[in-house]
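J.: Below you will find the structure I want to go over with you.
The values are calculated or read from the model by the stated rules, or taken from the named source; none is laboratory data. Worth saying up front: this structure is predicted, and the values here are computed from it rather than measured. Here the Cβ positions follow ideal geometry from the backbone for every residue, glycine too, while neighbour counts run over all protein chains shown. Calculation scope for accessible area: heavy atoms of the full protein, side chains included, ligands and nucleic acids excluded. Shrake-Rupley method; radii C 1.70, N 1.55, O 1.52, S 1.80 Å.
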Amino acid sequence: MAKLYDVLEAGKVGIFESPTGTGKSLSLICGALSWLRDFEEKKKQEEARLLADEHNGQDKQQQPTSCCAEASNCQGSVGELNWITEFMQKKEERAMVDRLKEEQIRRKKREARLEKIRHNVQLKYASKRKRLEDDETQRLLQLSTEILSTELGSDVLEQLDHEEEELILAEYESDEEKKVGSWLDEDDDDLEEEHVTKIYYCSRTHSQLAQFVHEVQKSPFGEEVRLVSLGSRQSLCVNEEVRHLGAVQLINDRCMEMQKNKHGKKSEGEESEGKKRRVSRAVCPFYSYEQMQFLRDEVLVKVKDIEQLVALGKEIKACPYYGSRYAIPAAQLVVLPYQMLLHESTRCASGIKLKDQVVIIDEAHNLIDTITCIYSAEVRGSQLCCAYSQLLQYMERYRKRLKAKNLMYIKQILYLLERFVSILGGNVNQNPNAQNISQAGTELKSINDFLFQSQIDNINLFKVQRYCEKSLISRKLFGFVERYGATSVVKTNKEKQKMAGLQNFLLALHQGPDKEAAIQCSPVEAEDGQPKMASPLMQIEGFLFALTNANQDGRVILNRQGTVGQSSLKFLLLNPAVHFAKVLKECRAAIIAGGTMQPVSDFREQLLSCAISADRVVEFSCGHVIPPDNILPVILCSGPSNQQLEFTYQKRDLPQMMDEMGRILGNLCNVVPGGVVCFFPSYEYEKQVYTHWERTGLLTRLATKKKIFQEPKRANQVEQVLSEYAKCIKRCSQVGGHVTGALLFSVVGGKMSEGINFSDDLGRCVVMVGMPYPNIKSSELQEKMAYLDKTMPRSAGQPPSKMLIENLCMKAVNQSIGRAIRHQKDFASILLVDHRYARPSVFNKLPQWIKERTEIKPAFGPAFAALRKFHQEKKSCHGSEAS
């Protein structure tokens, strides 16, 4: 906490490592909020001093002395210059004092308002009563509509002529309903603009953020800090009609559409559509400015996590997604997912301002990969063809109503789409699923080479990107497709003949030979009248944006597979530092924290070196809170039959290597109680070993001691497997017998190597089979290696590409073996099964708290004896504590 405080005070960048179970979250909370409290206090004192000085200065100006005139006469031209300088200084001071006065007034207004809410219960009851009245009014309106429909019949409404239509009352909206303003009758525009000094805390998942918020609630700052949790629409939407759409892009689109409906007016054509199309004009009942302002104040008064925020939104009928955004300026602590902070356009759209603020990125071990993924983009051939056909039909439909500039940009986008399909080896006017690729394979190009080969280097992509953002063309296109469907577009007689070919092309997309590809390129799948797929142009916009990166910062991967529809274009970001530099440049200080940050060299070289000077970076690492004898890490160099353990790509498939690993596990299961988690380098190798052991009968022998579980490939099955695994271990510990627990086969980088705790009996031993090096044949990895060799200096005599491979491997190992020890009284053994772990370059990349307790065992006998002794001692200690 002291180190964290110093980094924030000095405005530096800190890389902090603190193992899980050591109180990392609470330390971050208390250290950062203590600094913020002191900073605000100093700021108030400085404000008071400046205001007092200004007041004293005014008093002195009212009492001029006679010597001033004499002094000015004798100074001449030098005196004139001093006078001008003094005047400018006083002008700046007065401007600052005026600004401080405004800030002080705003702060007092905000504090008074929040204090009023905190203590005045009647205001809450008044708001609740108003909501009940609104609900009752809505219910009566619904009842009236149903009665009219029943009495008159739905067809009568459509038979009325124009003259009779004018006799019908227009939809009524009272003055009270029209009023937009704060329920406390305050000037909220001022309050929205002011961004107080705050801490942005971000983590990887919503569950990790919720856990952090609960820690804040338990901390000494829980009652006084103004905290707001931000999230995606998928997490925060309370409108069931929108939520059930499922896909993130569809939820976003429908939400934006409903906002547009609320603020916009219906055209005559839409009015004449009748009942059939009224659903598309729906407005969101939760998008109420008044209620969202109330939600904002409730959020600022008391700390709430995402679930509590959603519950509050449902209760007061206010949108938590937009209501939480209103709370950002006044909040002291903003809790949000990685993507919202790291992605520049999302950051701006969310109203996040990093200028002079503090940024804390937790669970940052995969920060480099996260930034790379956020700014990389991929589009399939089927999406390119689909977007082309939709946009062409849109242009033909509204050609006479579009302005010249709109037509120009639409034609440019159509040309880009045509060239993208062409470079994949296809024709945009033919079914992408019926066009076979003659030369399949992967090709990498620099951005400039790709632009030249595609013949689009004469188009200003920055202008096209800006046009897409400002015109919202992808959203308009989505609405167009939703209205007319994918294969039927209303045309005039002259246009029908022209469009027939395109409609046949769209029909062909639906009826292509490859069913899966046909589904992917169909823009809309109707189910109960609801769209099931967003406009593909949205994804293509992301690819166009990626192409505006500097030539040296990325590569374009042309992946030609089978048909044009299955082929793809992918932008790969090689230099994540260029985007992270924008965050570091704006914020006052940044903390990059995690349970396992080793090896740290990646962060320094790939993220920080080009953005800030080395002296601004501070490293801090602390040990674990467990006693030294509660962990036994062992590097095993050879197996029971003296076979050297080296699970390289060339040797790991050998039957004797798989048999040796089986014998090691068999011995372990005899002495380790509870759960054993065994990590394999990949799903393919885990499956291969499992099949081999099944054939040799080893699996049956293992099953006599431990019930065997396998990590599922599907994410939705993980919870079920873990639940059964935990139940089995608990049952075995209670009942006793031959089966002493469970054995779980897992995969490094899989669903269970990160974010899942194998605490206590769930993980008494973690086994790492071999070294999980990444696939060096991957074209993306090869390009990244070449880029680092070209741009980074050699380290310890090794090229940066070799360091990258080793670091990726050890980051994955450290994440997996850290799953076992989760709290102060936990204990476990760790077995690293490969002699290469004993090499100094590899060994030094283990976390410090594991490395200092690791034993290197050349032979299996001494290693097994140490493991047996460790677990026997822990069993006796554990038994005596339990009794």
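J.: Given Cβ point charges of +1 (Lys, Arg) and -1 (Asp, Glu) and nothing else, what value in debye, to the nearest 20, does the dipole of region 616-740 about its Cα centre take?
T.: My answer is approximately 400 debye.
J.: How many Lys pairs in region 610-716 lie less than 25 angstrom apart by Cα atoms, where the lysines are 8 or more positions apart or on different chains?
T.: So the count works out to 5.
J.: If you don't mind, another one. Amide H to amide H under 5 Å from V634: which residues, 5+ apart in sequence or cross-chain, H placed 1.01 Å off N in plane?
T.: I830, L831, L832, E855
J.: Continuing with this model, one more query. Using a 1.4 Å probe and ignoring any ligands, DNA or RNA, find the accessible area of K857 and quote it in Å² to the nearest 10.
T.: 40
J.: HN-Hα J couplings of region 567-583 from phi, Karplus 6.51/-1.76/1.60, θ = phi - 60°, integer Hz, Gly and Pro as x?
T.: Listing the rounded values in order: 6, 8, 10, 10, 9, 10, 7, 9, 10, x, 4, 5, 8, 6, 4, 5, 5 Hz.
J.: Place a +1 charge on the Cβ of each Lys and Arg in region 334-383 and a -1 charge on the Cβ of each Asp and Glu, then give the dipole magnitude about the Cα centre in debye, rounded to the nearest 20.
T.: Roughly 220 debye for region 334-383.
J.: Also, quick follow-up: Using a 1.4 Å probe, what is the accessible area per residue for region 644-743, in Å²?
T.: Counting only protein heavy atoms, the per-residue value for region 644-743 is 51 Å².
J.: Suppose accessible area is computed on protein heavy atoms with a 1.4 Å probe; arrange C373, C386 from highest to lowest.
T.: C373, C386
J.: Report the net charge of residues surrounding K582, where surrounding means a beta-carbon distance below 11 angstrom and charges are Lys +1, Arg +1, Asp -1, Glu -1.
T.: Charge balance in the 11 Å sphere: 0.
J.: Ok, one more. Would you mind classifying region 634-691 by shape? Square roots of the alpha carbon gyration tensor eigenvalues, ordered a ≥ b ≥ c; an a/c under 1.5 is rounded, otherwise it is prolate if a/b is larger than b/c and oblate if not.
T.: Oblate is the answer for region 634-691, as a/c is 1.5 or above yet b/c matches or exceeds a/b.
J.: Starting from the amide H of K198, placed 1.01 Å from N in the peptide plane, find each other amide H under 5 Å away whose residue is 5 or more places distant or on another chain.
T.: Answer set, sorted by chain and number: V358.
J.: Continuing with this model, one more query. Can you tally the net charge around R652? Count Lys and Arg as +1, Asp and Glu as -1, for every other residue whose Cβ sits under 15 Å from the Cβ of R652.
T.: -4
J.: Sum up the charges of everything whose Cβ sits under 13 Å from the Cβ of T700, counting Lys and Arg as +1 and Asp and Glu as -1, but leave T700 out.
T.: +4
J.: Place a +1 charge on the Cβ of each Lys and Arg in region 667-723 and a -1 charge on the Cβ of each Asp and Glu, then give the dipole magnitude about the Cα centre in debye, rounded to the nearest 20.
T.: Dipole size: approximately 200 debye.
J.: Holding the Cα-Cα limit at 22 Å, pick out from K811/K869; K405/K476; K24/K314; K218/K585 the pairs that are longer than that.
T.: The pairs that break the limit, which is 22 Å between Cα atoms, are K811/K869; K24/K314; K218/K585.
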